[in-house]
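Written below as structure tokens is the structure these notes are about.
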Amino acid sequence: MEIRASGDQLGPVIVSLLLAAVLAVVPVPEWATGVRPAWVPLVLIYWVIAMPHRIGVMTGWSVGLLLDALTGAVLGQNALGLALIAYIAYVLHLRIRVFPVWQQCLAILVLVGFYQLVSIMVMRAVQITPWTFWYWASVLVSALAWPLVTLGLGYLRGRRVF
Amino acid sequence: MNPVRFSLSVVTAPIHYVANIPQRLLSWSAEGMRSREDLEDENLRLQSEVLVLKRRVQKLASTVAENTRLKELMNASDLLDDQVLIAEIIGVDPDPYRHEAIIDKGARDNVYVGQAVLDAEGLMGQVIEVGLLSSRVLLISDISHGLPVHVNRNGVRAIAVGSGKLDLLNLIHVPDTADIARGDLLVSSGLGGRFPKGYPVGVVTKVEHDPGRPFALVEAKPMANLDRSRHVLLVFSEEGRRMLPLATGGEAASVPPPASAAAAAPESESPPGPAAPPAEEVTDGD
């Protein structure tokens with residue numbers, strides 16, 4: 001799979017990450033804000049698993065900084081979370097590749113859960129954030145959105161899964 | 001001003017613009033496809049509104065003159081009319097627990113940190129971060145936002161802090177004996193030195209006297225349409241400009257203004273009763 005250099009171009013990576021950034025801030029009705037999937041982490045995890053030799057912790061960190069500026073979070077909050085899950089995804093990428101879809105979703109549940117945990121830890125360290133159960137709903141929605149992400153991004157790379 | 005954020009905002013502003021496109025298309029098509037009757041109705045309504053407003057303006061001229069004369073008599077500084085700049089909201093914070101909006105005016109248009117933001121109905125919030133092309137506005141309903149107000153009817157001072165809900169402000173440290181009633185209009189008092197004074201903030205919706213609490217429970221509903229306005233006004237007030245060197249001096253920029261007002265304003269009206277609750281809800285910011 002690594003031999004095919006044509007599938008390792010960075011164009012689709014940049015485009016999809018920008019698209020995920022747009023989806024992360026696109027205005028939605030109030031009820032939907034709590035259940036917005038974490039698009040950027042999902043897309044990042046996909047690319048780390050798909051081309052671990054090109055996309056990794058540094059990419060996660062840079063994309064996280066951009067996301068921080070985009071959402072007005074403390075600089076480094078998303079960078080930390082994304083670098084962390086990029087690392088975990090890198091360590092596990094060989095296993096996740098061969099998982100069936102439902103098991104991949106479970107892995108995503110844990111990864112995005114880590115990301116949300118780091119985010120809320122940073123947020124609560126620097127400012128008052130109301131603690132609600134709904135904060136974690138986005139983790140579940142992200143896990144459910146994972147098959148959609150693999151399908152869409154796989155199509156972008158020429159109908160491959162990874 | 002944080003230089004890293006400032007330069008990153010050049011990249012993020014286009015993303016906000018792109019994210020705003022669907023909504024813009026939607027409202028554009030809704031504008032373009034309205035029926036003739038709707039437009040006639042609206043025209044009629046606007047015309048009658050203009051008539052009502054014109055009548056008020058007639059009285060306004062004489063009232064302003066009278067007000068100026070009285071102020072001169074009292075040797076008070078004159079109320080200058082503030083300059084405004086119209087901006088459009090191009091994004092809201094995706095985090096449902098933070099009430100922030102992004103507007104399409106930035107340092108290029110001389111927007112400064114701490115600038116007051118209004119809509120047609122009342123005060124909306126203040127600028128907390130300025131990029132080159134866009135800036136970030138903290139709404140008055142954000143949980144970390146506080147704002148010095150006074151009751152328009154009798155001048156009783158209070159601090160309105162956000163509740164994290166778009167339609168609710170809490171008035172803190174209001175003594176049980178304070179003369180605040182349901183339906184009172186709250187206007188900005190300008191005591192914090194950041195907001196210009198005299199702009200409507202909210203209407204008191206609930207006053208509750210609980211003997212078990214040291215202070216009365218007062219709730220208000222913001223006048224501004226915090227979740228609906230698309231066009232907002234940035235106020236360039238003389239007071240705000242004077243705040244400018246202070247506001248750019250570092251962390252002062254991100255701390256909401258009433259930190260000083262919280263200490264200054266209520267002291268004359270709070271009874272020497274039990275210890276006041278800690279004020280961290282007010283002073284904590286960003």
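All of the numbers you see were taken from the coordinates with simple rules; none came from a lab. Small disclaimer: the values here were computed from a predicted structure and weren't measured. Because the Cβ atoms are built from the backbone with ideal geometry, glycine has one as well, and the counts that use them run over all protein chains shown.
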Where does the stretch B:3-139 land on the Kirkwood hydrodynamic radius, alpha-carbon pairs, in angstrom? 18.5
Average partner coverage of A:72-82, which counts Cβ from other chains inside 10 Å: 2
Burial order of peptide ranges B:89-95, B:163-169 (average beta-carbon count within 10 Å, highest first): B:89-95, B:163-169
Expected sort for A:61-73, B:28-40, A:81-93, A:113-125 on mean C-beta neighbours within 10 Å, highest first, is A:61-73, A:81-93, A:113-125, B:28-40
Per-residue ellipticity at 222 nm attributable to helices in chain A (runs of n ≥ 4 DSSP H, -39500 (n - 2.57) apiece, nearest 500 deg cm²/dmol) works out to -23500 deg cm²/dmol
Using r as the Cβ-Cβ distance of B:R34 and B:F236, and R0 as 45 Å, what FRET efficiency do you calculate, to the nearest 0.05? 0.85
A:F99, A:F162 arranged by Cβ crowding within 10 Å, fewest neighbours leading: A:F99, A:F162
For chain A: Kirkwood Rh in Å [reciprocal of mean 1/r, alpha carbons]: 15.9
Show me B:208-220, A:133-145 ranked by packing, highest mean number of other Cβ atoms within 10 Å first. A:133-145, B:208-220
Give me a single rounded figure for B:95-106: the average over its residues of other chain Cβ atoms within 10 Å of their Cβ. 4
Using only the alpha carbons of the stretch B:1-58, determine the length spanned along each of the three principal axes and report them from longest to shortest in whole angstroms. 51, 35, 8
Shielding of B:15-23 by other chains, given as the mean Cβ count within 10 Å, works out to 5
What nm value, rounded to one decimal, do you get for the distance between A:Q103 and B:L60 when each label is placed 7 Å out toward the C-beta? 7.1
